[in-house]
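Just so it is clear, none of the values below were taken in a lab; they were calculated from the coordinates. If you're wondering where the values come from, they're calculated on a predicted model, not measured in any experiment. Note: ideal-geometry Cβ built from the backbone for every residue, glycine included; neighbour counts use all protein chains shown.
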């Protein structure tokens, strides 16, 4: 693998379009609209009415996942068409579907199907209870666990973004209590992520079982571009590994910090976020010795 090849990383959700690099890439819109039409035909016709200018913030969680996937696939395809070949890829949480599509492991339609079926399984099996997720920056893992334990909160750490940046998920009331306690403890930043599903927790084990029926009957192929697991930092290099990763990704905590460092240790020095916002780009500033992030439009070869 050429060391100068970048890593493509795919976010789970779109937070906003205020810093969208695609506006300066004329080729992007044609690719995006093509994928959007395909997506609308196979899942959700209302996708055709989406416009990032008129409705830049996507409150519907399923619609947000669809559009995050479509955007990530479009971004990566535009870069590939311009001659930018990634040395490695990873999907942050639900970003796994776009990574697998670009790696040649699943079709675009299969990625849409996975999103639809996973979300449906979660809604079918999740108890009638209020859940949420939050991010916290500026506290250690020990600090966080002490707050959870001392306040008897039903929460889990589901991701480590950097040494002092974490994602938690669980009961929504407990999320609100934790945010207040974290701020009192001196957290630099603590806020709700605005989702109602406790992704990457054992609350979704039953949903993962239901979802597996779709995954294990889908047409899946070994990747032609290396994909790194955010769950265990190993290469997802076979059909069996792909199926297992996609199912476990629903209910298993992950570690973005370890994933980025693993890619760096394998020769990746440049990372680019295939999305309109720059959450992973900004987060990378807190990860030392793991390469540098660049905006994806800066890699585009005109």
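Taking the C-alpha atoms only, the angle from helix 61-81 to the longest principal axis of the chain is near 40 degrees. For the chain, modelled as a GNM whose springs connect Cα atoms under 10 angstrom apart, the maximal fluctuation among 280, 67, 149 occurs at 149. In degrees from 0 to 90, rounded to the nearest 10, what is the angle of the helix 108-125 Cα long axis to the longest principal axis of the chain? Roughly 20 degrees between the two axes. When the Gaussian network model of the chain links Cα atoms closer than 10 Å, the mean-square fluctuations of 261, 142, 181 top out at 142.
Between residue 150 and residue 176, the FRET efficiency estimated from the beta carbon spacing at R0 = 25 angstrom works out to 0.95. The residues 263, 278, when put in order of fewest to most other Cβ atoms within 10 Å, stand as 278, 263. Taking 0.36 nm per residue of separation and subtracting the current Cα-Cα distance, fully stretching the chain between residue 63 and residue 43 would add 6.1 nm. Take every Cα pair under 8 Å whose residues are at least 6 apart in sequence, average their separation, divide by the length of the chain, and the relative contact order is 27 percent.
Taking only C-alpha pairs under 8 Å that are 6+ residues apart, what is the relative contact order of region 146-231 in percent?
21 percent
Each Cα pair under 8 Å and six or more residues apart adds its sequence gap; the mean of these over the residue count of region 131-192 is a relative contact order of 49 percent.
Taking 244, 46, 273 in turn, the Gaussian network model of the chain (Cα-Cα springs below 10 Å) assigns the largest fluctuation to 46. For residue 124 and residue 23, the difference between the fully extended length at 0.36 nm per residue and the C-alpha to C-alpha distance is 32.5 nm. Axis angle, to the nearest 10 degrees, between helix 26-42 and the longest C-alpha principal axis of the chain: 70 degrees. Sorting 172, 222 by the number of Cβ atoms found within 10 Å of their own Cβ, with the fewest placed first, yields 222, 172. Among 254, 216, 164, the order by Cβ neighbours within 10 angstrom, fewest to most, reads 216, 164, 254.
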